[in-house]
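Each remark here refers to the structure printed beneath this line.
The values are calculated or read from the model by the stated rules, or taken from the named source; none is laboratory data. Computed from a prediction, not measured in an experiment: that's the story for all the values here. Neighbour counts run over all protein chains shown; Cβ positions are idealised from the backbone, glycine included.
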Amino acid sequence: MEDALLMQKHAYPCDQYILRLNAPKCACNAVAGSFVHIQCNERIAMRRPLSIMRSNRAEGWIEVLFKVVGDGLRGLSEAETGTSLSIIGPIGKGFEAHIDRPRALLIGGGVGIPPMIFLAEQMLREDRDWQPQVLMGSEIPFPFTLTPSTLSTEWLPGETISTMPLLEKWGVSARLASLSGFDGCYRGYVTELARLYLDHLTPEQHLQTEIFSCGPTPMLEAVAALAGEYRIPCQVSLEEFMACGVGGCAGCTVEIQTPDGPAMKRVCVDGPVFDAATVFSPGPPGC
């Protein structure tokens, strides 16, 4: 547990917020896919789990992104800079990338975008030959200003040019998908955009690819189906309601297939990242 100082707060359309918190202990141990359990307001006892979007160990801060849903996150959105917020974290098992599959396809949807940004940055920090391709989908305005990308993506329609400025600055190829008609975004589901990318790769390149994803359950199920179709390993970060966030209440359990048969696992501490094939049964994409 750590008292984190709210350093910066940025508001975006549709009640979306990015907070930067001074939390040296958390920043030192955070990995892509881990989260914090945060006290939203002194009047609200229940904490809320938020994925970590960025972590700077040297400067001792983390960033989280959230969309206001309910009184808890409404209270958090009203916190002023300089406020001390109690957090527990980092919690959970993060993504585990394998360098023998350097073509990392990162797929984020809605508030599932943060772990993908964290994973891309984590890969950039490593002195390895990672080749991340980030795809993000949202039906509400993205929590950043859309900017045209100058990075080559020959597999895409020419009008699909919008990206996230931060990823563009890092030199990470990224594209956006939406059915809401945002400028420069692919008009369709983010999984359809992922299919275009995978169809462009050769069979040999498929063997170098691994998929990582976070977002709403229907999207994750579709990503898992796509991974199964192309026989590509896939890790998903699940979104579940949580009470304690540390494995004590077992309120966030999900059924996972294991070599010994089905087992109930806690998303907070056994996950939130799982092998997609152990969570979702094979089937046609649903998103």
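For the condition assigned to a loop (DSSP other than H, G, I, E, B) and buried (at least 20 other Cβ atoms within 10 Å of the Cβ), what is the one hit in F66, F95?
Numbers: F66 fails: assigned to a loop (DSSP other than H, G, I, E, B).
Only one candidate qualifies: F95.
Answer yes or no: is there a residue in segment 28-41 that is assigned to a helix (DSSP H, G or I) and not assigned by TED's automatic domain parsing to the domain that holds F118.
So in segment 28-41, the residues assigned to a helix (DSSP H, G or I) come out as 28-29.
Right, trim to not assigned by TED's automatic domain parsing to the domain that holds F118 and you get 28-29.
Yes; the residues of segment 28-41 include at least one that is assigned to a helix (DSSP H, G or I) and not assigned by TED's automatic domain parsing to the domain that holds F118.
List pairs: first residue in segment 114-125 and without any contact (Cβ under 8 Å) to a residue 60 or more places away in the chain and buried (at least 21 other Cβ atoms within 10 Å of the Cβ), second residue part of a helix (DSSP H, G or I) and of a type outside the set (S, T, N, Q) anywhere in the structure, Cβ distance under 8 angstrom, at least six positions apart or on different chains.
Cβ pairs passing all conditions: A120/L167; A120/W170.
Taking Y230 as meeting all but one of (1) buried (at least 24 other Cβ atoms within 10 Å of the Cβ); (2) modelled with pLDDT of 95 or more, write down the number of the exception.
(1)
If G82 passes every condition in (1) over 18 Å from E2 (Cβ atoms); (2) exposed (fewer than 14 other Cβ atoms within 10 Å of the Cβ) but one, which one does it miss?
With respect to (1) over 18 Å from E2 (Cβ atoms); (2) exposed (fewer than 14 other Cβ atoms within 10 Å of the Cβ), G82 is out only on (1).
From the list T160, T191, which one is at pLDDT below 95 and either of a type outside the set (A, V, I, L, M, F, W, C) or closer than 19 Å to H98 by Cα (or both)? Quick ask: steps written out before the conclusion?
Working: T191 fails: at pLDDT below 95.
After applying the criteria, what remains is T160.
Would you say Q235 is over 16 Å from D275 (Cβ atoms) and modelled with pLDDT of 95 or more? Working first, answer last.
Numbers: over 16 Å from D275 (Cβ atoms): no; modelled with pLDDT of 95 or more: yes.
Spelling it out, it is not the case that Q235 is over 16 Å from D275 (Cβ atoms) and modelled with pLDDT of 95 or more.
Name the residue, out of V267, V273, V223, V246, that is surrounded by fewer than 20 Cβ atoms within 10 Å (Cβ to Cβ) and in the same structural domain as T153 (by TED's automatic domain parsing).
V246
When you go through (1) more than 16 Å from Q133 (Cα to Cα); (2) surrounded by fewer than 23 Cβ atoms within 10 Å (Cβ to Cβ); (3) in contact with a Cys (Cβ under 9 Å, 6 or more places away or on another chain) one by one for E210, which number turns out not to apply?
(1)
Please count how many residues of segment 211-230 are at positive phi and either in contact with a Ser or Thr (Cβ under 8 Å, 6 or more places away or on another chain) or free of Cβ contacts under 8 Å to residues at least 60 places away in the same chain (or both). Give the derivation first.
Taking segment 211-230 first, the residues at positive phi are 215.
Restricting the remaining residues to those that are either in contact with a Ser or Thr (Cβ under 8 Å, 6 or more places away or on another chain) or free of Cβ contacts under 8 Å to residues at least 60 places away in the same chain (or both) gives none.
Qualifying residue count, segment 211-230: 0.
Read through the list (1) over 26 Å from R47 (Cβ atoms); (2) small (G, A, S); (3) modelled with pLDDT of 90 or more, then give the number of the only condition that G283 fails.
All conditions are met except number (3).
Each row is one residue, and each column tells you yes or no for (1) in contact with a Ser or Thr (Cβ under 8 Å, 6 or more places away or on another chain); (2) within 26 Å of R47 (Cα to Cα).
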residue: T83; (1), (2): no, yes
residue: I87; (1), (2): no, yes
residue: Q122; (1), (2): no, no
residue: D129; (1), (2): no, no
residue: T150; (1), (2): no, no
residue: G158; (1), (2): no, no
residue: S162; (1), (2): yes, no
residue: P165; (1), (2): yes, no
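Quick test for you: out of R74, R43, R47, pick the one residue that is touching a residue at least 60 places away in the same chain (Cβ under 8 Å), of a type in the set (D, E, K, R) and either in contact with a His (Cβ under 8 Å, 6 or more places away or on another chain) or more than 24 Å from V273 (Cα to Cα) (or both).
Details: R74 fails: touching a residue at least 60 places away in the same chain (Cβ under 8 Å); R43 fails: touching a residue at least 60 places away in the same chain (Cβ under 8 Å).
Going through R74, R43, R47 in turn, just one is touching a residue at least 60 places away in the same chain (Cβ under 8 Å), of a type in the set (D, E, K, R) and either in contact with a His (Cβ under 8 Å, 6 or more places away or on another chain) or more than 24 Å from V273 (Cα to Cα) (or both): R47.
Does segment 1-27 hold any residues that are farther than 20 Å from R125 by Cβ and either in a loop (DSSP other than H, G, I, E, B) or of a type in the set (F, W, Y) (or both), and which are they?
Result: M1, Y12, P13, C14, D15, Y17.
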